[in-house]
Amino acid sequence: CSNKDLCRKEPTCPPKCAYVSNPYLETMKEDVLYHFDLGTKTHDLPAMFGDVKFICVGGSSSRMKTFSQYMNELLGLGRATDDIPNICAQTDRYSMYKVGPVLAVSHGMGIPSISIMLHELFKLLYHAKCTDVVAFRIGTSGGIGLKPGTVVISKVSVDPSFHPHFEQNVMGKITAYCTELNAHLSQELLNCSKENNEFDTIIGTTLCTSDFYEGQARLDGAFCNYTHEDKMKYLQRAYDTGVRNIEMESSVFAAMCKRSGLPGAVVCVTLLDRLQGDQIDNSHEVLAEYQERPQKLVGCYIKKVFCKI
Ligand code: R2B
Ligand code: URA
């Protein structure tokens with residue numbers, strides 16, 4: 001993280017805090033994880049989730065279901081065609097699938113959506129008394145100066161001004177949190193890509209925005225009051241600071257993983273090169289194959305660790 005002071009000041013989670021840091025939680029008689037339709041009184045969370053070691057989050061429900069089926073077969077727990085039930089079937093906010101030690105959860109699009117989900121997911125880990133958990137975000141992104149289909153493992157997530165932090169506004173007071181991802185985990189994932197040798201994978205900086213159109217300097221939104229030259233200058237500036245892809249959740253994912261003491265990695269495939277255009281017009285087959293790529297890297301890492309457990 002280039003913002004050394006911020007990252008140094010970040011309190012590291014003492015082992016006993018187990019993913020949360022909120023004195024009020026212990027005083028609550030019941031905790032309802034509203035957006036998961038789970039709760040400490042209605043569900044035996046330690047029995048349901050106590051063995052979870054890997055949380056994998058991604059935007060779409062169907063992608064997380066497919067990922068859980070893929071992991072089911074990869075870890076030798078069943079077949080990729082098995083119907084894995086959605087644990088949060090009573091709500092349509094998020095979906096959750098569990099296969100062995102892997103918990104796959106969808107987070108929707110954008111910072112607010114993933115932030116709500118992570119609050120409840122980290123509380124779930126705490127209530128379930130989980131230990132030694134590792135977190136991954138697998139997703140899609142727009143690349144800068146990369147061949148479409150390249151996978152980017154994020155070193156750090158930067159905001160639209162290229163600052164390596166996430167600004168949280170609490171009661172009008174802004175606090176900046178470090179957005180570095182776990183370097184060891186990122187390197188292990190890169191090693192998996194070298195072993196697989198199926199597609200290009202790099203470690204790079206990820207730009208996290210609050211919008212897909214104007215927020216990512218696109219020229220094809222409903223509104224656009226800047227020029228093609230402005231766009232190209234901004235993307236070039238991003239590239240020059242080390243940015244290799246753009247997406248919409250990595251900053252708060254990185255910040256919340258750091259606050260909770262969870263090693264976290266962000267692995268996103270690039271669907272297009274933003275220096276060449278804005279529209280995503282690949283065929284469904286191409287997009288589907290691209291989206292398997294982050295799953296393969298994370299799957300490879302989990303399999304290696306799972307075989308040692
Ligand atoms: C990547 O893709 C989505 C926008 O299409 C967004 O959730 C993201 O981060
Ligand atoms: N997701 C994004 O946020 N941006 C893109 O360009 C592609 C996917």
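The values are calculated or read from the model by the stated rules, or taken from the named source; none is laboratory data. Just so it is clear, the structure is predicted and the values come from calculations on it, not from any experiment. Cβ atoms come from the backbone with ideal geometry, glycine included; neighbour counts cover every protein chain shown. These area figures cover heavy atoms from the full protein model, side chains too; ligands, DNA and RNA do not enter into them. Shrake-Rupley method; radii C 1.70, N 1.55, O 1.52, S 1.80 Å.
General remarks:
- Carbon + sulfur, % of accessible area of the chain - ligands and nucleic acids excluded, 1.4 Å: 52 percent
- Folded to 0 to 90 degrees: helix 183-196 orientation relative to the chain principal axis, Cα: 80 degrees
- Of all DSSP beta bridges in the chain, antiparallel share, percent nearest 5: 40 percent
- Fraction of C-alpha pairs exceeding 29 angstrom in the chain: 34 percent, rounded to a whole number.
- In the chain, the sites counted are trypsin sites (Lys or Arg not before Pro) in DSSP loop states with at most 12 other Cβ atoms within 10 Å, and the longest stretch holding none of them, exclusive of the sites, is 130-309.
- You can think of it this way: the chain between Glu195 and Asp220 has 5.1 nm of extra reach, that is 0.36 nm per residue less the Cα-Cα gap.
- Helix-only arithmetic for the chain: the sum of -39500 (n - 2.57) across DSSP H runs with n ≥ 4, divided by the residue total, places the mean residue ellipticity at 222 nm at -11000 deg cm²/dmol.
- Accessible-area value, Glu229, 1.4 Å probe, nucleic acids and ligands omitted, Å²: 110 Å²
- A simple spin-label model places the labels of Gln236 and Asp83 5.6 nm from each other, with each point 7 Å out along Cα-to-Cβ.
- Take every Cα pair under 8 Å whose residues are at least 6 apart in sequence, average their separation, divide by the length of segment 75-182, and the relative contact order is 11 percent.
- Chain lengthening between Ser21 and Asn282 when straightened (0.36 nm per residue, less Cα-Cα): 89.6 nm
- Here's how it looks for Thr201: its modeled amide H is under 5 Å from those of Val151, which are all 5 or more places away or on a different chain.
- Cα-based reach from Lys129 at 22 Å (exclusive), listing lysines while leaving out same-chain residues under 8 positions away: Lys16, Lys29, Lys41, Lys53, Lys98, Lys258, Lys308
- For segment 134-195 versus segment 24-68, the gap between their alpha-carbon centres in whole angstrom: 24 Å
- The chain - accessible surface per residue (Å², probe 1.4 Å): 48 Å²
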